[in-house]
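> The structure's right below; bear with me while I get my questions together.
The values are calculated or read from the model by the stated rules, or taken from the named source; none is laboratory data. Note that this is a predicted model, so its numbers are computed, not measured. Here the Cβ positions follow ideal geometry from the backbone for every residue, glycine too, while neighbour counts run over all protein chains shown.
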Amino acid sequence: MNSTSLEGASVIVSIIAAAISAVSAAVVAWQAVQTRQSTRAAIDAVDVARAELSQGEALRDDALKAHIDAEMPRVTVTAYLHAEVLDPAESPASIFVEDRSRDLVTQTEYVLPRDSSKLLRAKGTVTVINDGPRFMEAQYRSDSDPSTRPLDLAVPPGESRTIEVSRTETVGRWVELAGWAQGDTSVEGPYEVVIFSMSYRFPGWVGAVEEHRVIMGGTAVEPVEGNASAWRPAQLNSSRQDPVSPAALMPQPFERHYFRNAPDDDVMSWF
């Protein structure tokens, strides 16, 4: 075979090899596309399964919450505020008597700075009403001091319990709070204090914790007209227009948190 024939054969072999390479590359590319599509389909299937599982868990949680809501005691918390003066050197002077129709106001006046350290206690009552359907055993704090020990509270369906609460501040501090109510930003907080908090736990491995709070804001003193340094106990629960914001008890919207925990496990998982 001459050189020309050899060159022709070499060219043919090269063309065939190139064609085979091209076909192989096309097959590899097609397989890659198919693999990518298969992987995407698998991922999509996993995403769909996860979404269905999540939706199923959400539906189950909603059903559990609906059942718990139906069984939880329907609790109403109301609050009424009066006040009384606490002074170690004097007998306590009532500002508001329990008979709300009489609203007797003490004439005690405090002059600053002489009386700044005297104590004035804003005192009130919180009533917890259980409208059923379940007996309620809860814990509550009746003092604004967080170090106080929680106390037990039992309220059968259809009954109520009344608890005394109070906040004690110096006259000087009440005057500061009166200034804050009028826009004095130099006064340090707290301006509102949680004066009552109650926590009820639905019994069982799946349940809820319901929390009720009552805060006290404002001030228990008001200025004496014609004497810039004199203050007196404010007329709490009054409908008249006051020069400062009088103290008030304000029940907060209750909060309900749902939980589940495994048997023999006290750690609650919230949902």
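> Being free of Cβ contacts under 8 Å to residues at least 12 places away in the same chain and among the β-branched types (V, I, T) is the requirement here; does T148 meet it? Before you say what the answer is, go through the steps one by one.
Working: free of Cβ contacts under 8 Å to residues at least 12 places away in the same chain: yes; among the β-branched types (V, I, T): yes.
Considered against the rule, which asks whether it is free of Cβ contacts under 8 Å to residues at least 12 places away in the same chain and among the β-branched types (V, I, T), T148 comes out as yes.
> Give the residue that is surrounded by the most Cβ atoms within 10 Å (Cβ to Cβ), with candidates limited to residues of region 185-211 that are farther than 30 Å from L112 by Cα and touching a helix residue (DSSP H, G or I) at 6+ places or on another chain (Cβ under 7 Å). Walk me through it before giving the result.
Keep residues of region 185-211 that are farther than 30 Å from L112 by Cα, which gives 196-211.
From what's left, touching a helix residue (DSSP H, G or I) at 6+ places or on another chain (Cβ under 7 Å): 202, 206-208.
On the way: F202: 19, V206: 17, G207: 21, A208: 19.
Result: G207.
> Now for a different question. Is it true that R173 is of a type outside the set (S, T, Y), modelled with pLDDT of 85 or more, assigned to a strand (DSSP E or B) and out of contact with any Pro (no Cβ under 6 Å at 6 or more places or on another chain)? Lay out the reasoning, then the answer.
Working: of a type outside the set (S, T, Y): yes; modelled with pLDDT of 85 or more: yes; assigned to a strand (DSSP E or B): no; out of contact with any Pro (no Cβ under 6 Å at 6 or more places or on another chain): yes.
Here the answer is no, as R173 does not meet what is asked.
> So, in region 86-119, of the ones that are modelled with pLDDT of 55 or more and among the acidic types (D, E), which residue ends up surrounded by the fewest Cβ atoms within 10 Å (Cβ to Cβ)?
Result: E90.
The rows are residues; the columns are (1) in a strand (DSSP E or B); (2) outside the structural domain of N130 (by TED's automatic domain parsing); (3) more than 26 Å from the chain's Cα centre (by Cα); (4) at pLDDT 85 or above.
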{"site": "A178", "(1), (2), (3), (4)": "no, no, yes, yes"}
{"site": "D184", "(1), (2), (3), (4)": "no, no, yes, no"}
{"site": "I195", "(1), (2), (3), (4)": "yes, no, no, yes"}
{"site": "M198", "(1), (2), (3), (4)": "yes, no, no, yes"}
{"site": "W231", "(1), (2), (3), (4)": "yes, no, yes, yes"}
{"site": "Q235", "(1), (2), (3), (4)": "no, no, yes, no"}
{"site": "Q241", "(1), (2), (3), (4)": "no, no, yes, no"}
{"site": "H257", "(1), (2), (3), (4)": "yes, no, no, yes"}
{"site": "A262", "(1), (2), (3), (4)": "no, no, no, no"}
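> Taking region 200-209 as the region of interest, how many residues are in a strand (DSSP E or B) and either more than 22 Å from E164 (Cβ to Cβ) or not assigned by TED's automatic domain parsing to the domain that holds L177 (or both)? Reasoning before the result, please.
Taking region 200-209 as the starting set, the residues that turn out to be in a strand (DSSP E or B) are 200-201, 206-209.
After this cut, where a residue has to be either more than 22 Å from E164 (Cβ to Cβ) or not assigned by TED's automatic domain parsing to the domain that holds L177 (or both) as well, the list is 201, 206-209.
Residues in region 200-209 being in a strand (DSSP E or B) and either more than 22 Å from E164 (Cβ to Cβ) or not assigned by TED's automatic domain parsing to the domain that holds L177 (or both): 5 in total.
> Filter region 120-146 for residues that are buried (at least 16 other Cβ atoms within 10 Å of the Cβ), out of contact with any Phe, Trp or Tyr (no Cβ under 7 Å at 6 or more places or on another chain) and among the hydrophobic types (A, V, I, L, M, F, W, C); which is farthest from I215 (Cα to Cα)?
Out of the qualifying residues, it is I129.
> For region 212-229, how many residues meet the condition of being surrounded by fewer than 15 Cβ atoms within 10 Å (Cβ to Cβ) and assigned to a strand (DSSP E or B)? Show your work before the answer.
As a first pass, look at region 212-229 and keep what is surrounded by fewer than 15 Cβ atoms within 10 Å (Cβ to Cβ): 224-229.
This time we only want the ones that are assigned to a strand (DSSP E or B), so: 224, 227-229.
So the answer is 4.
> Any residue that is at pLDDT below 90, of a type in the set (S, T, Y) and surrounded by 11 or more Cβ atoms within 10 Å (Cβ to Cβ) - is there at least one of those in region 54-77?
no
> Further question on the same structure: Suppose we keep only residues that are β-branched (V, I, T) and within 16 Å of A248 (Cα to Cα) within region 164-184. Which one would you say is surrounded by the most Cβ atoms within 10 Å (Cβ to Cβ)?
To start, the set of residues in region 164-184 that are β-branched (V, I, T) comprises 165, 168, 170-171, 175.
This time we only want the ones that are within 16 Å of A248 (Cα to Cα), so: 165, 168, 175.
Working: V165: 21, T168: 16, V175: 26.
Out of the qualifying residues, it is V175.
> May I pose another question? Examine region 151-169 for a residue that is in contact with a helix residue (DSSP H, G or I) (Cβ under 8 Å, 6 or more places away or on another chain) and not basic (K, R), and state whether such a residue exists.
We begin by selecting, within region 151-169, every residue in contact with a helix residue (DSSP H, G or I) (Cβ under 8 Å, 6 or more places away or on another chain); these are 169.
Filter again for not basic (K, R), leaving 169.
Checked region 151-169: at least one residue is in contact with a helix residue (DSSP H, G or I) (Cβ under 8 Å, 6 or more places away or on another chain) and not basic (K, R).
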